[in-house]
Structures are given as C-alpha cells and as structure tokens.
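Taking it in order: structure first as structure tokens, then the write-up.
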Amino acid sequence: MPQVFIDNRWQPCASGESLPMIDPSDGLEFARIARGTNEDVDRAIVAARRAYEGAWGRLAPVERGRILMQVERLILDHAEELTQIEARDCGKPIKQARNDVVACARYFEFYAGAVDKVGGQTIPYQPGFTALALREPHGVTGHIIPWNYPLQVFGRSVGGALAAGNACVMKPAEDACLSLLKLAELMAEAGLLPGALNIVPGLGGEAGAALAGHAGVDHISFTGSPETGTRVAQAAAVHHHPVTMELGGKSPQLVFADADLDAAVPAIVNAVIQNAGQTCSAGSRLLVERAIYEQLLETLGRAFARLRVGPSPADLDCGPLIRAGQLARVRGFLAEAERDALPRVAQGEIVADAPKGGYYQKPTLLRDVPVGHHLAQEEVFGPVLAAMPFDDETHALRLANATRFGLVAGVWTRDGSRALRIARSLDSGQVFINNYGAGGGVELPFGGVKASGYGREKGIEGLLSFTRLKTITIKHG
Ligand code: ADP
C-alpha cells in the first residue's frame, strides 16, 4: 500500500496509487513510492499546523536543538545504509553518496548548535521606549526538494526550518527520494515530535503544485529548475507567501595566467563532473587567460580522457544521469555543439560492462565556445565543460557576467588584489578564490542572483531565512 509520512506514521495515500522508482544505472524499476495528491498535502499541513501550535511549537529552543543533535547521530549511525540508498536511487558513485550523507548529518549538527544562539535585536529608538525586533518561525514551511542531492538539500532546508521552530511539509522529487523516506523514520526515532515533519511523495505537478499553492503554508523553500521555480513562485504569490528560490546556474571558473594550475586542474574537473554535472553550482564554464589557454586545455584534456563513467556501485568518476529524458537533453546540447563545429578537446570513457539500459554520458570538454552560444548560456546539467579564452581582467569579467545566471564563481590567481577586485564585481551569490566548492560548506550562505534565484540557505543566514521579524515597541516613559 503506497504511503505518505504524516504525524510520524506511514499512512495510506489518498490516491492509492504508486509511482515507479528507476535505477539510473540500469534503467530498471526497483521500488515504488506513493503518488501523493492534494488531499495528502491537506492532511500533512493540518498535522504540521497542529504540531506548530502544540507541543513542537512550545519546546524550548535548547530542547529542539537536542532532538536535532540526535538526528545527526542517527544519520551517522545509519550512514552506510543511507549511502547505499542514495547511491542507487540517484545513480551516484558510492563515495559521492557517502559525502552527501555526511553533509546531511553536518547540517543537523550545525543547526542544532545554532538553535539557542541566534536571536533578534534591540533597536535604539526614542527616550522612554524600548524597541525589539524578534525572530519568530514562519509557522508551517513547505519544502520542495530536487532529485540531484536529496539528502543535502533536505539537510539545509528542513534542518534549518526545524531549528528555527517551524513545522515542515516536504515534497521530495519523484525521480529520487528513498533516502528521505528512510530519514523520516530515523527522525521520529530521534525524538522529533509528531507533525514536525511530514512527507508527501508524488509528482511535481500534483503534490508539488498542491504544496506550492496551498493557503495553509507560510513559507516555501524551493530548489530546482528556473522554469519550475517560476511556477512555484507564482503559485505562492497568490497567497503572498514568501519563497526561497535556489535555481540553476552556469557558473564560471576564471583562470589567470599566474594561477597555481596544479591546484586548479583537479578542482575544475571535479566541479563539472561531481554528480555527473547534475549540480546547480557546477563549474560549467571555463574562462582562461589567453597566455595559458592552450597549455591548460591540454592538461585538462588529459584529465578528461582519464575519466571513467559507470554504474553507481562501481564507484567511478561519474555515475549515470538521473533519467532517459535528462540524457536526451544533454545529448541534444552536444549535438548542437557538433552541428556548430565547437571543437571537442576530450571525452571520458563509459566502462565496457556498464549495463546497457543505464543513462550514461561521457564527460566532455569543449573549447572556443562563443559567449552567446547555448553551450555557454544554458544549464546543461550534465558533465560538459565549455571553455573560452579571455584577454584581460575586464574581458574576463564581461564574459563571466554575460549569462542570465549568477550562482557560484571561481577565481584562480596568485594576485590577491585582483582576486578580490574580481570577486566584488562578479554577479554571483558565492565566489570561491583559489578553490571551488560546488555544494560544499554547510557554514556558507548559499543562493543566487539573477535567474539563479533569491533568498539564502546554509549558514546562519539560512536559519534566519526560516524566521520572520516582528517589531515590538514598548512605551514605558
Ligand atoms: P527537473 O525538471 O529536473 O525534474 P524540477 O525543478 O522540475 O526539476 O523539480 C524539482 C522539484 O520540483 C521536484 O520535487 C519536482 O517534483 C517539483 N516540481 C515539479 N513541478 C512542480 C510544480 N509545478 N509545482 C511544484 N513543484 C514541482
């Protein structure tokens, strides 16, 4: 019987229907999840409201923190099981899935510790008055989670919201969500009170749309594609509900001639092949100072040619893409590159024994990609790196800022002043100097500008995003 998780219990979903879960490594169904609908979302929101107005909402912050600390402990105790689930469901190489489990636990550790340390302000106002700006939870928060990093996005989003005192309703992605269904049970075991976390699996256009447009939810946190983000923001706007939007990216790495290339090369490769390129903060554009363009492409070409792609358990550099449609999309971009004669520097290999039905794509390095080309403008969401040369700092910045996105950027140079000058001028929510941390850094506020979205998750800023400010002015004479 397909089930949703409400009030710490598995309950039958209203439709009685289920959806197949496909293993991206072989294209075969290996599990089923509930096809949750608006009726389940209604019930989940009622449960969350009850928790928020009841026992969960009345807990002292320190008690909430202790429960979240226990969640961290149980995630680590079950790390191997969660790793195996996440790896199979998403098609991730095992070591990448293991990193995600550890990062998820770390979010709970971080937010558990922050619960009783982050407060509001007193405001210097007029004589005879005391003015306060209080931080309060939104109430019931909705979380729409993508398939590329279920555990990590859950940790930063739901972890922050629970820490701030909200009760949550979460709609995981239909393509990958099994780790989160397991985690729900662990969280109940950790002592999370009934109704504080409710999960309605299902389709985006059904359960997701019902949550985004629900009158009874007070805030929506969305991570996913810009197109779906627009739909979610429009649905929430009907009720004037605030949203946090973490959307796509076309993040540039700027490499100057004085850079430490030994450090830059592995980071550049990793930034675009991590999770087979299905990372919103993937470093998918490479901007190189002309003096070292040929040299760097040659080194990178050798590194790309060594990359191996195969099924999740083989634990290679890249696993498969998430689904057939995603593979077709990435191939469409590469067909376009071929049609327009964009030079291909190198490609990795798909191992010979990779199951035939899996969604495998060779990592690909393209060069001389014109700034206006689709490959330099649009998010491929696959292991494809588009390189182009620049002449000087001004040119580099112009190229870097010439997309509709602005999520993350990397700058590689030994000139500290230049690094800071560039970092200050980039249209980007995060800038890494002489390192690149796609997805990394629980402590680091994360989010975009322009079409990459708005609002911040991660870090203390992420905790504050799950609060609203109330100003109280007291006249006492
Ligand atoms: P992709 O296109 O790669 O599947 P999406 O951005 O569409 O990525 O999906 C991210 C999350 O948004 C998933 O949980 C998905 O189910 C959900 N989603 C998709 N469409 C909608 C929608 N119309 N309203 C709310 N959520 C949606």
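The values are calculated or read from the model by the stated rules, or taken from the named source; none is laboratory data. Bear in mind the structure is a predicted one, so any value in this text is a computation, not a measurement. Methodologically, a virtual Cβ is constructed for each residue, glycine included, from the backbone with ideal geometry; neighbour enumeration extends over all protein chains shown. Note: areas computed on protein heavy atoms with side chains; ligands, DNA, RNA excluded. Shrake-Rupley method; radii C 1.70, N 1.55, O 1.52, S 1.80 Å.
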Original post:
Which far-off residues, 5 or more places away or on another chain, put their amide H under 5 Å from the one on Ser18, with H placed in the peptide plane?
Top reply: Arg35
Original post:
Pairing the Cα long axis of helix 178-189 with the longest principal axis of the chain, what angle in degrees results, from 0 to 90 and rounded to the nearest 10?
Top reply: 30 degrees
**OP:** Once you have a ≥ b ≥ c as the square roots of the Cα gyration tensor eigenvalues for the chain, tell me rounded if a/c is under 1.5, and otherwise prolate or oblate according to whether a/b is larger than b/c.
**Re:** oblate
Original post:
In the structure shown, do any of Lys250/Lys362; Lys182/Lys356; Lys182/Lys470; Lys117/Lys171; Lys95/Lys117; Lys117/Lys458 have a Cα-Cα gap over 26 Å, and if so which?
Top reply: Lys182/Lys356; Lys182/Lys470; Lys117/Lys171; Lys95/Lys117
**OP:** Using a cut-off of 12 Å between beta-carbons, work out the net charge of the residues near Ile292 (Lys and Arg +1, Asp and Glu -1, Ile292 not included).
**Re:** -4
**OP:** Report, to the nearest 10°, how far helix 94-114 tilts away from the longest principal axis of the Cα atoms in the chain, using its own Cα long axis and a range of 0 to 90°.
**Re:** 40 degrees
Original post:
Which whole-number percentage describes the relative contact order of the stretch 311-447, with Cα contacts under 8 Å and a sequence gap of 6 or more?
Top reply: 17 percent
Original post:
Over the Cα atoms of the stretch 3-63, what Rg and Dmax result, in angstrom?
Top reply: 16.1, 48
Subject >> Estimated FRET transfer efficiency when R0 is 41 angstrom, pair Asp116-Glu39 (beta carbons, to 0.05) >> reply: 0.65
Original post:
Using alpha-carbon pairs under 8 Å, 6+ residues apart, how would you state the relative contact order of the stretch 173-269 in percent?
Top reply: 21 percent
**OP:** Between Arg66 and Arg339, take the C-beta separation as r, use R0 = 60 Å, and let me know the FRET efficiency to the nearest 0.05.
**Re:** 0.55
Original post:
For the stretch 8-86, with every protein chain kept in place, what is the accessible area per residue (1.4 Å probe, Å²)?
Top reply: 48 Å²
Original post:
Counting only heavy atoms of protein chains, what accessible area per residue, in Å², does the stretch 252-441 have with a probe of 1.4 Å?
Top reply: 38 Å²
Original post:
Between Ile472 and Glu136, what is the spin-label point distance in nm, taking each point 7 Å from the Cα along the Cα→C-beta axis?
Top reply: 0.9 nm
**OP:** Mind listing the long-range amide H neighbours of Ile145? Cut-off is under 5 Å, sequence gap 5 or more, other chains count too, H placed in the peptide plane at 1.01 Å from N.
**Re:** Lys171, Ala173
**OP:** Determine the order of Thr364, Thr467 by accessible area, beginning with the largest, at a probe radius of 1.4 Å.
**Re:** Thr467, Thr364
**OP:** Using a 1.4 Å probe over the heavy atoms of the protein chains, calculate the carbon and sulfur portion of the accessible area of the chain as a whole percent.
**Re:** 53 percent
Subject >> Shape category assigned to the stretch 92-243 from the gyration tensor of Cα positions, a/c cut at 1.5 >> reply: oblate
**OP:** Would you mind checking which residues have amide H under 5 Å from Val288's amide H? H placed 1.01 Å from N; only 5 or more apart, or other chain.
**Re:** Val255, Met388, Phe390
Subject >> Estimated FRET transfer efficiency (Arg9, Ala352; beta-carbon r; R0 45 Å; 0.05) >> reply: 0.45
Original post:
Which order do Leu59, Leu76 take by accessible area at a 1.4 Å probe, largest first?
Top reply: Leu76, Leu59
Original post:
Where in the stretch 410-428 does the label zone of Asp392 land, with the point 7 angstrom along Cα→C-beta and an amide N cut-off under 17 Å?
Top reply: 418-419, 421-422
**OP:** Go ahead and estimate [θ] at 222 nm for the chain from helices alone: -39,500 (n - 2.57) per DSSP H run with n ≥ 4, summed, over the residue count, rounded to 500.
**Re:** -12000 deg cm²/dmol
**OP:** Let me have the relative contact order for the chain, percent, based on Cα pairs under 8 Å that are six or more residues apart.
**Re:** 19 percent
**OP:** On a 0 to 90° scale, report how tilted helix 150-163 is relative to the longest principal axis of the chain, with both axes built from alpha carbons and the result rounded to the nearest 10.
**Re:** 30 degrees
